[in-house]
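Working notes for the structure below.
What follows is calculated from the coordinates using simple rules that are stated; it is not laboratory data. Predicted, not measured: the structure shown is a model, and the values here were computed from it. A quick note on method: Cβ atoms are made from the backbone with ideal geometry, for glycine too, and the neighbour counts reach across all protein chains shown.
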Amino acid sequence: MARAAASWLTGQHDQGGSTIDQQLAKNLYTSGHSGFTQVIEQMALAVKLNMTYSRASILQMYAEVAYYGTGITA
């Protein structure tokens with residue numbers, strides 16, 4: 001996550017995808033935009049999720065809210 005933050009500060013936005021924790025935080029708690037402040041908020045929320053829930057619980061929550069495409073249900 002620190003590397004991703006550093007890439008935003010230096011203007012290099014091709015550092016790869018976010019973690020499942022970050023994606024869950026984005027889906028549950030933020031507007032879905034990907035500006036610098038939103039990414040920082042998602043990182044903070046991801047850390048809080050990681051400290052609060054087990055990995056299995058995080059994966060289950062992610063599977064329940066992830067978008068799989070039109071007409072696809074989990």
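Tabulated data
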read-out	value
Highest average packing first - 41-48, 61-68, 21-28, Cβ atoms within 10 Å	21-28, 41-48, 61-68
FRET efficiency, LYS48 to THR70 (Cβ-Cβ, R0 22 Å, nearest 0.05)	0.10
Stretchable slack from PHE36 to ALA56, in nm (0.36 nm times residue separation minus alpha-carbon distance)	4.3 nm
